[in-house]
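Note sheet for the following structure.
The values are calculated or read from the model by the stated rules, or taken from the named source; none is laboratory data. Note that the structure is predicted; figures quoted are calculated from it, not measured. A quick note on method: Cβ atoms are made from the backbone with ideal geometry, for glycine too, and the neighbour counts reach across all protein chains shown. Accessible surface areas use protein heavy atoms only, side chains included; no ligands, DNA or RNA. Shrake-Rupley method; radii C 1.70, N 1.55, O 1.52, S 1.80 Å.
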Amino acid sequence: MALAPARRLALAAFSRARRNREWVRDALRACADDEAKHLGQGDRALAWRLALGAAGARAVLENRVREVVRKPSGLEPRVWDVLILGAFELGYLETPVPVAVDQWVSAATSVSPRSTGLANAVLRKLAGLRADVRGARARLEARERAAESGELALASGLPLWLVERLREVLGNAGAARFCLSLADPAPMWLVKTSPEASEADIAESDLDAVACAVPGLLAVGKPAAVEASSALDRGFSVEDRSAYEIALLSVPAAGASRLEIGCGRGTKTLAAATRLARSGAGAELVGVDDDGRRLAEARERAKSAGMDVDFIEGDGRELDALLPPGARFDVVFVDAPCSGTGTLRRHPEIAAALEPSALDSRNAGSLPALQLELLEAAAGRVGEGGWLLYATCSVLTEENEDVVEAFLRSPVGRGFEPAAIERLPGYRALEARARAELSADGFSGVRARTSVSPKSADGHFLAVFRGNAT
Ligand SMILES: C[S@@+](CC[C@H](N)C(=O)[O-])C[C@H]1O[C@@H](n2cnc3c(N)ncnc32)[C@H](O)[C@@H]1O
């Protein structure tokens, strides 16, 4: 049987991501060549599911493949990719086993004809993985008993050390919900990023997009259809609801100023700018990031949206080299570089790339060490009566609560105290309906961590501070 185009695209993207060390999501877009453009919605969705899913469950899949291949080190990398993708389809999707085996044997043949026999033998042996995964998921869903780490790892495909860490942070039930959430693609929301874009157009498309209580956000009923639709070319971008809610909370009062450290491609800066523009208010908006490529994209996006934002390239730990002396802002928002563990459904390869040492604040190059330095530098730029916000898209204490505590104990942090989200100008400008939605999502009090469960938005953390002299 010829290899189906969806699997061909998944294999091309998966191999490209490995070779170029890029995100699988980006590789999928880059591989969406002429042929892929003509794939139907279902085929496209399958290609994404296969490539992203295999990247996310890599820890489990690699172990299983190693158990049945006599000399794994002797395999060509592309054949290895075929076996990992095949193992994922066999273990985690519902494709009839003979079809999946046949398809991935064809893939192996197309990559290296002499690997046909080996692929056939290995994939047949891997067919038992499905029963194990189903059993583990069913037990989690039934909450028969506190799941063991091994079972959570099997159900989610996550490395064991990360599962154990999630159990410590989220508790057994929270970790089980988190792991079950990885079985489905991430939910999607759309926001308008260009003044010419029309929400009515999107409402009439086949995405089943409907406006929600959060202003500016459209919930997409058929996420698998987004990539194949023209929404992304028609002035909309994909957002996560929790991330967007944080952007709304970081909106300053009319006429005030806002500095974002780690502004990246400008998604939250532009969401804040759009919100201000919609209410007819202006503000001084500045974004800092040390990644020139992301900033170039941010500038481009701001230009096409007609937004006036000052994007500055440089290290957020050294703001004195980037900003005029004495420049202070009403809202200073640190959107910190982090592990991204709250966004694993969108970037599943994070799990395989993350090392426990990156989370240890005692290591000079660790994420918590960088996060604390960025927060301390940002604190020095908060104007009188201003607000300091710290956010991550991580669910891990090391990057969230521990950084906040370390900041409050530091010399600069002693000048600040935790402040409630409900006091933020961005929160107070929201209508009652939107406030209720944000509270339901977990945004209340002095620090918030949104939880991840099947169909939920991503896991984000937000802490708010205010100078204690104000
Ligand atoms: C969570 S991402 C930002 C997402 C962005 N705020 C948005 O809404 O699109 C964190 C950002 O921090 C940036 N970053 C990492 N280290 C940095 C540093 N030392 N100084 C400034 N930015 C840094 C990364 O390049 C990345 O764009």
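Has segment 241-251 got any residue that is in a loop (DSSP other than H, G, I, E, B), within 8 Å of the ligand (Cβ to nearest atom) and buried (at least 22 other Cβ atoms within 10 Å of the Cβ)? Please lay out each step first, then the result.
Residues of segment 241-251 that are in a loop (DSSP other than H, G, I, E, B), as a first pass: 250-251.
Now drop any that are not within 8 Å of the ligand (Cβ to nearest atom), which leaves none.
No, every residue in segment 241-251 fails to be in a loop (DSSP other than H, G, I, E, B), within 8 Å of the ligand (Cβ to nearest atom) and buried (at least 22 other Cβ atoms within 10 Å of the Cβ).
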Take segment 369-396 and flag every residue that is part of a helix (DSSP H, G or I) and either more than 13 Å from the ligand (Cβ to nearest atom) or not assigned by TED's automatic domain parsing to the domain that holds residue 346 (or both).
-> 379
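In this structure, is residue 182 of a type in the set (A, V, I, L, M), under 22 Å from residue 133 (Cβ atoms) and modelled with pLDDT of 90 or more? It would help to see each step written out before you state the result.
Working: of a type in the set (A, V, I, L, M): yes; under 22 Å from residue 133 (Cβ atoms): yes; modelled with pLDDT of 90 or more: no.
When the stated conditions are applied, residue 182 does not pass them.
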Within segment 32-43, can one find any residue that is within 17 Å of residue 4 (Cα to Cα), in contact with a Ser or Thr (Cβ under 9 Å, 6 or more places away or on another chain) and in a helix (DSSP H, G or I)?
-> yes
Quick one: would you say residue 313 is within 16 Å of the ligand (Cβ to nearest atom) and over 20 Å from the mean Cα position of the chain (by Cα)?
-> yes
Answer yes if at least one residue in segment 43-54 is farther than 21 Å from residue 343 by Cα and open to solvent by 50 Å² or more (accessible area, probe 1.4 Å), and no otherwise.
-> yes
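Does residue 122 satisfy the criteria of being buried (at least 20 other Cβ atoms within 10 Å of the Cβ) and without any contact (Cβ under 8 Å) to a residue 40 or more places away in the chain?
On the way: buried (at least 20 other Cβ atoms within 10 Å of the Cβ): yes; without any contact (Cβ under 8 Å) to a residue 40 or more places away in the chain: no.
Answer is no for this residue.
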Failed condition for residue 237, given (1) surrounded by fewer than 19 Cβ atoms within 10 Å (Cβ to Cβ); (2) within 11 Å of the ligand (Cβ to nearest atom); (3) over 20 Å from residue 340 (Cα atoms), with all others met?
-> (3)
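Scanning for something within 22 Å of residue 296 (Cβ to Cβ) and within 16 Å of the ligand (Cβ to nearest atom), does segment 214-232 turn up at least one residue?
If we filter segment 214-232 for residues that are within 22 Å of residue 296 (Cβ to Cβ), which is where we start, we get 232.
Filter once more, keeping what is within 16 Å of the ligand (Cβ to nearest atom): 232.
Checked against the condition, which is being within 22 Å of residue 296 (Cβ to Cβ) and within 16 Å of the ligand (Cβ to nearest atom), segment 214-232 yields at least one hit.
Can you name the strands (runs of 3 or more DSSP E) wholly within segment 257-330 that have at least 1 residues being under 20 Å from residue 239 (Cβ atoms) and open to solvent by 10 Å² or more (accessible area, probe 1.4 Å)?
Numbers: elements: 257-261, 284-289, 310-313.
Per the criteria, 284-289, 310-313.
Please tell me if residue 358 is surrounded by fewer than 23 Cβ atoms within 10 Å (Cβ to Cβ) and under 27 Å from residue 423 (Cβ atoms).
Working: surrounded by fewer than 23 Cβ atoms within 10 Å (Cβ to Cβ): yes; under 27 Å from residue 423 (Cβ atoms): no.
Judged against the criteria, residue 358 is not a match.
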